[in-house]
Amino acid sequence: MNIVQQWKQADSDFIRKKVIEHNMEQLPDKLKTSNDNVSFILKNDIGEIIGGITANIYWNHMHIESLWVDKSVREKGFGRELLKRMETYALDKGCRFIFLDTFSFQAPEFYKNNGYEVFGTIEDHPKGFSQYFLYKKFDM
């Protein structure tokens, strides 16, 4: 046996795949779903990426991993539109809820204003800030 400290994307992907395989073995067939990544990208008129949202769907829920809008176009509704598109996609895929995390210096109020509820907080992380965990449940 040999433990090596390194970062390789292929190794990380392999470990993630094995965890997913283990998890699927534990669930009854009726709960098993595919594990899919999805993103919506905001581009300007010359094709540059100026925003986007990424998420992962499995077990009939969505985890939003990242939402970013360039400073030059913030406060113009693009973040809300990206979030709305992702929510519509989640509903179309049969998701029962969406969850995410954000920091106090990022966008907790944005998510709350869009119907998300805080279900957990880590205070003083990073030091002097807080990390929030939020979700939005769909009526199904």
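Data table
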item	result
Extreme residue, farthest from M86 (Cα to Cα), among residues of segment 19-72 that are of a type in the set (S, T, Y) and not in a strand (DSSP E or B)	S72
Selected residue [surrounded by 11 or more Cβ atoms within 10 Å (Cβ to Cβ), among the polar types (S, T, N, Q) and out of contact with any Leu (no Cβ under 6 Å at 6 or more places or on another chain)] from S104, S66	S104
Close pairs (7 angstrom Cβ cut-off, 6 or more residues apart or separate chains): within 23 Å of T33 (Cα to Cα) in segment 1-23, in a loop (DSSP other than H, G, I, E, B) and at pLDDT below 95 anywhere	I20/N35
Within segment 73-95, considering residues that are within 27 Å of K17 (Cα to Cα) and part of a loop (DSSP other than H, G, I, E, B), the one least open to solvent (accessible area, probe 1.4 Å)	C95
Scan of segment 96-111 for residues that are assigned to a strand (DSSP E or B) and not hydroxyl-bearing (S, T, Y), ordered by number	F97, I98, F99, L100, D101, F103
Per-region count, segment 1-38, residues open to solvent by 60 Å² or more (accessible area, probe 1.4 Å) and within 30 Å of G77 (Cβ to Cβ)	2
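The values are calculated or read from the model by the stated rules, or taken from the named source; none is laboratory data. Computed from a predicted structure; not experimentally measured. Don't worry about glycine lacking a Cβ; one is built from the backbone with ideal geometry, like all the others, and counts go over all protein chains shown. The accessibility values were calculated without ligands, DNA or RNA, using every heavy atom of the protein model including side chains. Shrake-Rupley method; radii C 1.70, N 1.55, O 1.52, S 1.80 Å.
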